[in-house]
Structure formats: structure tokens, C-alpha cells
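The values are calculated or read from the model by the stated rules, or taken from the named source; none is laboratory data. Keep in mind it's a predicted model, so treat the numbers as computed, not measured. No Cβ is skipped: glycine too gets one built from the backbone with ideal geometry, and neighbour counts run over all protein chains shown. Only protein heavy atoms, including side chains, enter the accessible area calculation; ligands, DNA and RNA are left aside. Shrake-Rupley method; radii C 1.70, N 1.55, O 1.52, S 1.80 Å.
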Amino acid sequence: MKLRLSEEDAAFREEMRTFFTTQVPQHIRDTVAARRELSKEQIVEAQQTLNAAGLAVPNWPVEWGGKDWTPLQRHIWHEEMQLACVPTPLAFNASMVGPVIAAFGSQEIKERFLPATANLDIWWSQGFSEPDAGSDLASLRTTARREGDEYVVNGQKTWTTLGQYGDWIFTLVRTDPDAPKKQQGISFLLIDMTSPGLTVRPIELIDGGHEVNEVFFEDVRVPAENLVGEENRGWDYAKFLLGNERVGVAPVGSTKRWLAAAKEIAGDRLDSDLLLATRVADLENELLALELTALRVVAHSADGKPHPASSVLKLRGTELQQAVTELYVDLAGPLSLASGAEDGSDVPDWARVSTPQYLNFRKASIYGGSNEVQRQIIAKTILGL
């Protein structure tokens, strides 16, 4: 593996860096840099800025707005975006439902949804997890019964991230309850979230925020034309989607940025506190190892399939995210308890958000395939155990 970029890739990196730091609105980048929550409007504006330049969905087929980039160029695009404090394109649109529609949808569905999906004119929600079907997703019980030219959907989804903003939801539903295996009999259905009988209810998180939701379906009628691919083949499409979801799940760029900012906050304490200096140095070394692993995965990915070491990226990447958020809490000390303080207080913004972010990022080792699952994959595919 060559660690030095070719002249062509170095020029590509400079092109991405220049665009991200000059064309994406500064108020959005400032919000990301301050680790504050982005508004819906900011997320939409950022993605539409990228899409107007053809940089929102490079992993899609070229005919639908993708780029014929190498895996290394996509890695550079992703890393420079994070380093520049630019929000990555909404994953539900860009990395999940978009590639599924492009690969398996009818021509009519592609033309109807893909341009609006890339431009975030449609905000997609993900309807996979259920109260009794999380890691064991194939146990889902939401049903879709065919009645003429419609499906009638009943059931419940949970942990629907940002579902309060959703226009449409891509949903796994059971269309054949009598299938011999639970992975069979599942279909991939697109549902308008304004449909009668569909209800979204917020779930309040431990950090006090409203990020995830429950979605209820009570006799929701969905046109049969909203089926993606073939009936009862939804499990295959879901596996394809989850493979895309896990690509880029280790945000090396943003974690590097967070750690650099933490060092600035620590300042002279790094000279006087040996334990703190050692802790930061260990995190820097671990992050460098993660970055090199990411480059190795990029260099050895073939046929669009991620290298097995991508599970290491997910595992260590999320652990390092959590470690850095914990570092911020410790740097803030008692000020880390001031998340509810008035804006006019003397508590700096970075300290005010330290505890909510620490609590929120407990989720990182669960989504995208829990870290326990990643350890099993590593044991089987890399260690041969």
C-alpha cells in the first residue's frame, strides 16, 4: 500500500478541499465545528449545495448522478468533507434507499424518486427496526397484505432516526407470513408518510433530544407500484442496503478534527498533566492506525464489496468516537453538567455540549451492525476462528 498520493489524487484532494471550504455556507460549517445540532434546513441546504456540483451521491450509478471515481477518491471525498466541517449527505437518501432503488427499482421508480432523493427534495426515513426485531431484523412482524392494486400495512417500527422530518419511509414488511424461513416472505416497500393511518411518535433520548421515533401503521394503504423489485425478495435488498450503510461508518476525518480541537482546549494542561498527555497521545496513535486501516480497506476493496477489515473500521472507529467524547467531558469537568444552562452563562459552548454528545454517542457502537456482531465477523472472516 502506497501512503503517498499520486499527483492526480493529490490534485483531486485539493479540488475537494477547496470546494468544501469555499462553497458550502459558512454558517453550516460553523454549526458542525461547534458540535451543535444541525437544523433540517441546514442539512437540506448542505446536500443541495453538494448535489448542484455533482458531489452528493458519488457512489450511485453515473446515469443517476454518481461519479466514476476510484475507491480512494471516494475515501478522499468523504474525509475532506468531514475535515472541512461539511455535513455528509443524508445517509438514508444517499447511502441507503438511493442505491437500492438504483439497483433493483423499476425504471418508473428510478425516474420518480432518484433525482429528488439525491437533491433531498424527498427526506427518507428508514423503517427497519421493530420493538422485537433489532439485531435479529428478520423477525420483523409488520405485515403488508395485498388487496388488488394496494398493500394494507399494519405494524410498528422503532428507532426511526429523524423520522419527524420524513416525507417517505422505506420499509421492510412481511408479505408472506407462511414462508418456511423468516428471511423469506419479506418485501421492500416505499410509503408516503402523509398516508392515513401512519403515525410518528417521538422517543426522548437520554441526552434530552428528539432524534428517534416510533412509527405506527394502522391499515395504511400503499399502491402496489411502490414495491421495489420483486415481492418477497426484500431481505436480499436489505442486505445490500446494510452493506452500503456500513461503508464510511468510521468517521476518521471528524474524529481527527474533534481530537485536534480537544488538544487546543487542553492547552498548557498537556505540559503539566502527564496522564492527560498520555491519554491524548494514545488516542492520536489509535486514530492514525485507524486511518491506515481505512486506506488498506480502500486499497483492497474489489467489485464494489468492502474488505473484511471494514468491520475493524466500524468497531474501532466507533470506540474512538466514544473515547473522544469522553475526553471532552473530562476536560470540561463540572462545566460538563451545564448542558441546560442559559445561553448567557459563562460556560463555553464546547463544554455545554460535551455531556449530551457523550451520552448520544453511546449509540455509535450499536447502529450499522452492533460491535458485538462486528467482533463475530472479524473472528470468522479475518481470524478464521
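One table, with the values for the structure above:
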read-out	value
Accessible area (Å², per residue) of the chain, counting only protein heavy atoms and a probe of 1.4 Å	49
Global form of region 111-177, assessed from the alpha-carbon gyration tensor, a/c cut-off 1.5	oblate
Net lengthening on full extension, Asn285/Asp271 (0.36 nm per residue, minus Cα-Cα)	3.2 nm
Over 23 Å (Cα to Cα) - which of Lys110/Lys182; Lys40/Lys110; Lys239/Lys314; Lys256/Lys363; Lys256/Lys314; Lys181/Lys239 fall in this group	Lys110/Lys182; Lys40/Lys110
Charge sum, other residues only, whose C-beta stays under 11 Å from Gln42's C-beta, Lys/Arg counted +1 and Asp/Glu -1	-1
Net lengthening on full extension, Leu385/Arg17 (0.36 nm per residue, minus Cα-Cα)	128.3 nm
Average Cα contact separation per residue, the chain, under 8 Å, 6 or more apart, as relative contact order %	13
Separation in nanometres of the label points that stand 7 Å from Cα toward Cβ, at Asp132 and Ala34	4.6
Highest to lowest packing among 180-189, 161-170, scored as the average C-beta count within 10 Å	161-170, 180-189
Packing-based ranking, highest mean first, of 43-54, 91-102, 348-359 given that Cβ atoms within 10 Å are counted	91-102, 348-359, 43-54
Unit charges on C-beta of K, R, D, E only; dipole of the chain, Debye	1000
Potential lengthening between Ile203 and Gln184 on full extension [0.36 nm per residue; Cα-Cα distance subtracted]	3.8 nm
Positive dipole terminus of the chain, leading residue within Gly98, Thr49, Val252 (C-beta point charges)	Val252
In nm, spacing of pseudo-spin labels at Glu372 and Asp176 (7 Å Cα→C-beta vector)	3.1
Heavy atoms of Thr18: accessible area, 1.4 Å probe, square angstrom to 10	70
Lys/Arg +1, Asp/Glu -1 at C-beta; the chain dipole; positive extreme among Leu385, Ala323, Val86	Leu385
Portion, in percent, of the accessible area of the chain that falls on carbon or sulfur, probe 1.4 Å	51
Spin-label model distance (nm) - Ala103 vs Gln26, 7 Å beyond Cα toward Cβ	4.2
Span-rule helices in the chain, defined as complete DSSP H runs reaching 15 Å or more along the axis (Cα) with Kyte mean at least 0.0	252-266, 274-300, 310-332
Shape category assigned to region 1-84 from the gyration tensor of Cα positions, a/c cut at 1.5	oblate
